[in-house]
1. What is the distance, in nm, between label points placed 7 Å from the Cα along the Cα-to-Cβ direction at ASP57 and at LYS20?
2. Using DSSP to define loop residues, name the GluC sites (Glu not before Pro) in the range 9-57 whose beta-carbon has at most 11 other beta-carbon atoms within 10 Å.
3. So how far apart, in nm, are the two label points at MET1 and LYS67 if each is 7 Å from Cα heading toward Cβ?
4. Students often check this: by mean Cβ neighbours within 10 Å, which of 73-82, 55-64 ranks highest, and how do the rest follow?
5. Could you tell me the largest-minus-smallest coordinate of the C-alpha atoms of the range 1-79 on each of the three principal axes, in descending order and whole angstroms?
6. Run the simple label-point estimate for CYS75 and PHE38 please: 7 Å along Cα→C-beta, distance reported in nm.
7. Excluding same-chain residues fewer than 8 positions from LYS61, which lysines have a Cα within less than 19 Å of its Cα?
8. Which residue, chosen from GLY64, CYS75, GLY40, occupies the Cα position most advanced towards the positive end of the dipole of the range 9-90, where the dipole is computed from +1 (Lys, Arg) and -1 (Asp, Glu) charges on Cβ about the Cα centre?
Amino acid sequence: MKKKKIPMRMCLGCQEMKPKRELIRVVKNKENEISIDFVGKKPGRGAYICKKVECFDRARKANGFEKSFETSIDCEIYEALRKELETDNDK
């Protein structure tokens, strides 16, 4: 029996390859709006981070999101994404 292939993605914070389901997708849509996609179904360009706030902070410090999305990102958007990530981790 053939093994099912598990899609792997790299975390922007820790640079580790992990299964796609273990990561959170951050999306930039056509209107250049950036949001967190917990389901993985939103349309647009995606970048992946671990579910840890530390990885989010590392990706922000290294401008990982700006490099992936090829655009500059305001501090307000980073803060909103961080709060959304923290509230999801509290659940």
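Computed from the coordinates by the stated procedures, all read-outs in this text should not be read as laboratory data. Everything numeric here is computed off the predicted structure, so don't read it as measured data. As a convention, Cβ positions derive from the backbone with ideal geometry for all residues, glycine included, and neighbour counts pool all protein chains shown.
1. Computed distance between label sites ASP57 and LYS20 equals 3.0 nm.
2. Numbers: sites: GLU16, GLU22, GLU31, GLU33, GLU54; in loops: GLU16, GLU31, GLU33.
Passing sites in the range 9-57 are GLU31, GLU33.
3. In this crude spin-label approximation the distance works out to 4.1 nm.
4. Details: 73-82: 13.0, 55-64: 17.9.
The packing order, highest mean first, is 55-64, 73-82.
5. Cα extents, longest axis first: 49, 26, 19 Å.
6. If labels sit at CYS75 and PHE38, their model points lie 2.8 nm apart.
7. LYS28, LYS51, LYS52, LYS83
8. Among GLY64, CYS75, GLY40, the one farthest towards the positive end of the dipole of the range 9-90 is GLY40.
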